[in-house]
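Below is one structure, written out as structure tokens; comments come after it.
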Amino acid sequence: MRYAETGFNLEIDLATGNIERVETDPKMMETHLGGLGTSVKIHWDRVPPEVKPFDAENLLIFSTGLFNGTPAFSANRTVVTFVSPQSNLLAYPMMGGFWSAELKYAGYDKVIFRNKSPKWVYLWIHNDKVELRDASHLQGKGALETQDLIRKELKEPRAQVAAIGLAGENRCFTASIEQSRSSASRLGGGAIMGDKKIKAIAVRGTKDVNLARGAEFMEHMKGVTEYINYRNANPIPDVMTILSGIGSPQEMVHTDEKWHTENFAWGNARVRRKDFWSKENEANWVTTQLGTVKRLISCYNCPQHCGGLVSYQGGPYYMMKCFGKLTYCMAAYVDDLGFNFRILNRATEYGVDSFSTPQILAFAVELYEAGILTDKDFEGTSTYEACPSDKEGRFFWLLDRVARREGIGDILADGVYYAARAIGKGAEVFDHNTVKKHEQLPLKLGMMDPLYYLMYSTNEKISITQIEGQWPQTPFPTMEQREAFVKDWPQLPDDHFKQYLLDWELRGENANPYYPTPQMAAEIVDWMEMLHNIDDAVCICAGMSSFCLKPPYHIHNYPKLISAATGMDLDEAGLKKIVNRSRNLHRAFNNRRGMTRADEKPPEDHWKKRFPELEEQILSTYYKFKGWNMNGIPTREKLEELDLGYVAEDLEKRGILKDGQD
Amino acid sequence: MAKIKKKIKTIKIDADKCNGCRGCEIICSAFHANPQYSSNNPARSRIQVITNRLENKWLPVFAGEYAPAECMGRDKYVIDGKEYDECDFCRASCPSRDLFKEPDSGLPLKCDMCESDPPLEKPMCVQICLNDVLTYEEREEEVDEDVKLEDVEVGLESMVTKYGLQKVLDTVARMSQKD
């Protein structure tokens with residue numbers, strides 16, 4: 001019997017329609033755990049660097065993790081992996097919702113798609129019965145609409161469905177995969193689904209997911225449960241509201257948006273409006289949100305309330321989460337929150353990433369205002385009207401064009417990086433907020449921060465806000481506050497981190513940009529990445545772990561939970577080694593596709609005050625700490641230490657890793 | 001029939017607080033697994049959260065008595081403008097639907113309030129619901145004395161109703177010969 005995992009993957013060849021249930025090697029769990037870890041291994045083995053994002057050979061993998069379907073709170077992530085059309089690197093956007101547990105109850109750990117279907121299909125998985133069904137009647141339907149249509153068609157109200165909308169069908173680079181209240185949004189997974197002509201994947205499962213030592217697992221979960229209750233009742237003092245709790249940012253619960261609206265940049269990541277949160281705007285926003293969020297909801301087996309079921313002024317219900325509440329308002333310079341609720345409904349049905357898409361629309365507006373795009377680009381045709389001139393109408397119009405790839409939208413749909421180069425005429429300088437061709441959050445700050453410098457530059461996630469979390473964003477002003485914070489910090493991987501925090505000052509020598517020192521920064525970032533990689537292997541939501549300060553899951557209880565669930569006897573060092581292996585394999589995969597040190601830098605204008613020499617030193621120190629050479633490639637020594645000698649050989653054969661280079 | 005004091009166990013369901021996470025379903029299946037907590041499968045759960053997210057419906061329902069036949073008529077409820085499907089509020093394990101049946105054998109499931117030795121302070125679903133949707137209450141009532149069926153009997157009774165006593169006896173006899 002297999003524990004925590006089901007031991008079977010589904011292999012779908014879309015070109016022939018062949019479906020196989022393939023037993024997996026139990027050794028894979030010992031070396032790569034599951035989730036992102038085992039998916040990266042499959043991509044490494046089967047997708048050579050010549051494969052382009054829209055080639056038939058690009059694999060699209062939907063993966064569960066070790067904890068989905070178990071009583072572990074908040075184990076509800078699905079990891080979607082593919083070579084991204086935006087970054088040309090191995091992307092792994094994740095969704096919460098209900099899909100992964102259902103797939104494991106159906107008896108599978110992963111669904112692996114290869115090649116392309118000649119016609120529109122959706123995959124229906126019902127325990128042992130798995131079939132590709134015609135989806136021609138679903139073409140053009142919304143991503144949420146499709147989920148319910150499929151449930152009705154199958155007469156399976158309990159089926160969980162992940163679907164794309166029109167944006168995915170049209171291979172927009174910011175197309176998302178929508179599922180229940182969640183979505184896998186970054187880096188164009190929806191476009192790859194659309195390219196393969198998969199409209200949706202529906203699953204219903206009624207089988208058992210087994211645990212090796214279930215009673216012991218539940219004993220460890222008691223501690224997790226107690227901590228969740230404790231933290232929900234005792235928010236962390238002296239930090240911003242949004243960082244004080246657990247769960248993904250509680251944007252549906254909190255109405256106070258002073259911090260986001262005044263510190264994040266409006267427009268195409270341009271302007272900080274330091275006086276936005278006036279009495280009048282506050283009143284409007286609070287009333288609008290309270291009147292629109294009809295219910296606070298969660299993902300599978302999670303006690304938190306990160307999602308909202310919303311209906312704006314009697315409009316249709318849809319579900320929203322997180323920062324998507326404000327992105328369209330801020331990008332369009334619209335002060336009325338109602339606009340965001342209205343346009344996000346349409347955007348969700350189109351299935352687009354609510355972080356990068358509004359930035360693309362704002363970029364188009366900027367180009368128009370600069371005279372680079374002209375009225376001609378905003379003309380109507382026989383099928384649609386010309387672009388309205390008001391801010392809100394303009395954004396709706398641009399969203400329609402992008403999702404439908406009509407007119408200027410066809411160029412914009414490839415994201416800011418590629419659109420800027422296609423448009424030319426100086427548009428390139430308006431691409432000022434991307435890392436590795438991927439749009440970043442609209443944040444423009446003052447003083448370079450060594451931790452964020454590293455996270456922006458180096459992480460395989462590329463979407464920076466999904467990597468931070470374990471370390472406070474700013475130092476505490478008083479020693480009293482610092483002492484109180486470090487006193488109650490069971491999540492720390494090692495006690496010596498306490499001193500780093502105690503010595504961290506707002507100003508002076510021990511402040512940004514020189515403190516945390518390059519060595520400390522490398523250690524702290526390594527810790528955050530390690531925890532993210534564990535989360536992504538077991539598919540626990542980062543909101544209950546790596547993404548928050550003082551979370552219920554951490555490096556000290558994870559090995560116990562994983563051991564009890566799987567039957568492997570894993571200690572902290574063993575677990576760290578596995579996820580380190582996964583991270584290095586992921587990096588090697590990206591290096592093999594051409595990623596080097598030259599690609600590892602934050603947007604130039606991210607901070608006003610930059611320190612080129614110091615930044616190079618921070619990056620070099622981090623590379624050294626990680627066991628990578630000065631070009632950001634894992635060394636043979638490091639790879640061998642992680643039992644990845646075969647990777648070193650491959651990199652050497654390709655001339656990516658050179659003899660004696662360290 | 002003699003009167004006896006009976007402990008009435010109630011789970012009060014505040015459906016308005018339900019965030020739809022279905023944690024109750026998982027823990028129910030895990031608690032009733034054999035050995036306990038060895039496996040998880042919400043299809044075996046004796047509580048089911050009936051949801052339709054885009055219609056804003058959230059309804060935890062506990063498995064009640066086994067019903068050998070469908071109802072002669074059906075009810076449809078409209079509450080706060082929301083129309084609930086036929087049978088949504090019903091607790092029965094019945095031929096009209098696949099709810100509250102073991103997915104492999106089809107045998108009926110019934111909530112037993114997690115009766116166990118030593119007894120739990122509260123049923124597991126109540127313990128695990130951190131949003132206070134489920135509240136456990138106990139009171140004593142005087143009731144007629146009744147014979148309580150064991151789990152196996154509940155299952156067998158439904159098999160007898162479905163296939164007839166003789167067929168079940170024959171099958172059991174044949175199976176015991178094989179062993």
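The values are calculated or read from the model by the stated rules, or taken from the named source; none is laboratory data. Everything numeric in this text was worked out from a predicted model, so none of it was measured. Virtual Cβ from ideal backbone geometry, glycine too; neighbours counted across all protein chains shown.
Within region A:519-541, which residues are within 16 Å of A:T78 (Cβ to Cβ) and either at pLDDT below 95 or touching a Gly at 6+ places or on another chain (Cβ under 7 Å) (or both)?
Those that are within 16 Å of A:T78 (Cβ to Cβ) and either at pLDDT below 95 or touching a Gly at 6+ places or on another chain (Cβ under 7 Å) (or both): A:D536, A:A537, A:V538, A:C539, A:C541.
Just to be sure before I move on: is A:G65 surrounded by 24 or more Cβ atoms within 10 Å (Cβ to Cβ), out of contact with any helix residue (DSSP H, G or I) (no Cβ under 7 Å at 6 or more places or on another chain) and in a loop (DSSP other than H, G, I, E, B) in the structure I sent?
No, not satisfied.
Looking at region A:253-260, is at least one residue within 14 Å of another protein chain (Cβ to nearest Cβ), surrounded by fewer than 21 Cβ atoms within 10 Å (Cβ to Cβ) and either charged (D, E, K, R) or touching a residue at least 40 places away in the same chain (Cβ under 8 Å) (or both)?
yes
Could you check region A:112-143 and list, in sequence order, the residues that are within 17 Å of A:A163 (Cβ to Cβ) and either assigned to a loop (DSSP other than H, G, I, E, B) or of a type in the set (D, E) (or both)?
Once the filter is applied, which keeps residues that are within 17 Å of A:A163 (Cβ to Cβ) and either assigned to a loop (DSSP other than H, G, I, E, B) or of a type in the set (D, E) (or both), region A:112-143 yields A:S117, A:K119, A:W120, A:E131, A:D134, A:A135, A:Q139, A:G140, A:K141, A:G142.
Quick check, is B:D75 more than 26 Å from A:A106 (Cβ to Cβ), exposed (fewer than 13 other Cβ atoms within 10 Å of the Cβ) and within 13 Å of chain A (Cβ to nearest Cβ)?
Taking the combined requirement at face value, the residue does not satisfy it.
Test B:P95 against the stated conditions and say whether it is crowded, with 19+ Cβ neighbours inside 10 Å and more than 13 Å from B:A43 (Cα to Cα).
Judged against the criteria, B:P95 is not a match.
Out of the residues in region A:281-328 meeting the condition of being assigned to a loop (DSSP other than H, G, I, E, B) and of a type in the set (S, T, Y), tell me which one is farthest from the other protein chains (Cβ to nearest Cβ).
Among them, the one singled out is A:Y312.
Which members of region A:226-252 meet the condition of being crowded, with 18+ Cβ neighbours inside 10 Å and within 14 Å of chain B (Cβ to nearest Cβ)?
Scanning region A:226-252 gives A:Y227, A:I228, A:R231, A:G245, A:I246, A:G247, A:S248, A:Q250, A:M252.
Here are some conditions: (1) more than 9 Å from chain A (Cβ to nearest Cβ); (2) surrounded by 14 or more Cβ atoms within 10 Å (Cβ to Cβ); (3) under 17 Å from the mean Cα position of the chain (by Cα). B:N40 meets all but one. Which one does it not meet?
Just one mismatch for B:N40, condition (1).
Looking at B:D170, B:D144, can you tell me which residue is more than 30 Å from A:E226 (Cβ to Cβ) and touching a residue at least 24 places away in the same chain (Cβ under 8 Å)?
B:D144
Any residue that is crowded, with 24+ Cβ neighbours inside 10 Å, at pLDDT 95 or above and under 27 Å from A:A163 (Cα atoms) - is there at least one of those in region A:363-376?
There is no residue in region A:363-376 that is crowded, with 24+ Cβ neighbours inside 10 Å, at pLDDT 95 or above and under 27 Å from A:A163 (Cα atoms).
Exactly one condition in (1) within 29 Å of A:R654 (Cα to Cα); (2) touching a residue at least 60 places away in the same chain (Cβ under 8 Å); (3) in a strand (DSSP E or B) is false for A:P85; which is it?
For A:P85, the failing item is (3).
Restricting the search to region B:8-32, which residues are within 7 Å of another protein chain (Cβ to nearest Cβ) and hydrophobic (A, V, I, L, M, F, W, C)?
Correct list: B:C21, B:I26, B:I27, B:A30.
Considering each residue of region B:95-113, count those that are more than 13 Å from every other protein chain (Cβ to nearest Cβ) and over 11 Å from the mean Cα position of the chain (by Cα), and give that number.
Matching residues across region B:95-113 total 3.
I need the full set of residues from region A:211-262 which are acidic (D, E), at pLDDT below 95 and out of contact with any Ser or Thr (no Cβ under 8 Å at 6 or more places or on another chain), in order please.
Listed by number, the residues that qualify are A:D238, A:E251, A:E257.
Does A:D353 fit the bill of being crowded, with 24+ Cβ neighbours inside 10 Å, of a type in the set (D, E), closer than 30 Å to A:G543 by Cβ and in contact with a helix residue (DSSP H, G or I) (Cβ under 7 Å, 6 or more places away or on another chain)?
In short, yes.
Out of curiosity, is A:A598 within 30 Å of A:N263 (Cα to Cα) and small (G, A, S)?
yes
Just to be sure I understand the filter: pairs with C-beta atoms under 7 Å, separated by 6 or more residues or on different chains, first member in region A:277-294 and at pLDDT 95 or above, second member among the basic types (K, R). Which pairs pass?
Once the first residue is at pLDDT 95 or above and sits in region A:277-294, its partners that are among the basic types (K, R) give A:W277/A:K258.
Among (1) of a type in the set (V, I, T); (2) farther than 25 Å from A:L337 by Cβ; (3) surrounded by 16 or more Cβ atoms within 10 Å (Cβ to Cβ), there is one condition A:V402 misses while meeting the rest; what is its number?
Only one criterion is unmet by A:V402, namely (2).
Please go through region B:152-179 and pick out each residue that is among the acidic types (D, E) and surrounded by 11 or more Cβ atoms within 10 Å (Cβ to Cβ).
B:E153, B:E157, B:D170
Inspect region A:346-355 for any residue being out of contact with any strand residue (DSSP E or B) (no Cβ under 9 Å at 6 or more places or on another chain), more than 14 Å from chain B (Cβ to nearest Cβ) and over 16 Å from A:T174 (Cα atoms) and give the result as yes or no.
Taking every residue of region A:346-355 in turn, none turns out to be out of contact with any strand residue (DSSP E or B) (no Cβ under 9 Å at 6 or more places or on another chain), more than 14 Å from chain B (Cβ to nearest Cβ) and over 16 Å from A:T174 (Cα atoms).
Which of the residues spanning region A:180-194 are closer than 22 Å to A:W120 by Cβ and part of a helix (DSSP H, G or I)?
Hits for region A:180-194 are A:G188, A:G189, A:G190, A:A191, A:I192, A:M193, A:G194.
Quick one: is B:R46 away from every other protein chain (no Cβ under 14 Å), under 30 Å from A:L103 (Cβ atoms), surrounded by 20 or more Cβ atoms within 10 Å (Cβ to Cβ) and charged (D, E, K, R)?
For B:R46, the condition - away from every other protein chain (no Cβ under 14 Å), under 30 Å from A:L103 (Cβ atoms), surrounded by 20 or more Cβ atoms within 10 Å (Cβ to Cβ) and charged (D, E, K, R) - is met.
Examine region A:190-205 for a residue that is farther than 30 Å from A:E131 by Cβ and modelled with pLDDT of 95 or more, and state whether such a residue exists.
no
How many residues are within 14 Å of chain B (Cβ to nearest Cβ), surrounded by fewer than 16 Cβ atoms within 10 Å (Cβ to Cβ) and within 30 Å of A:R46 (Cβ to Cβ) if we restrict to region A:113-166?
2
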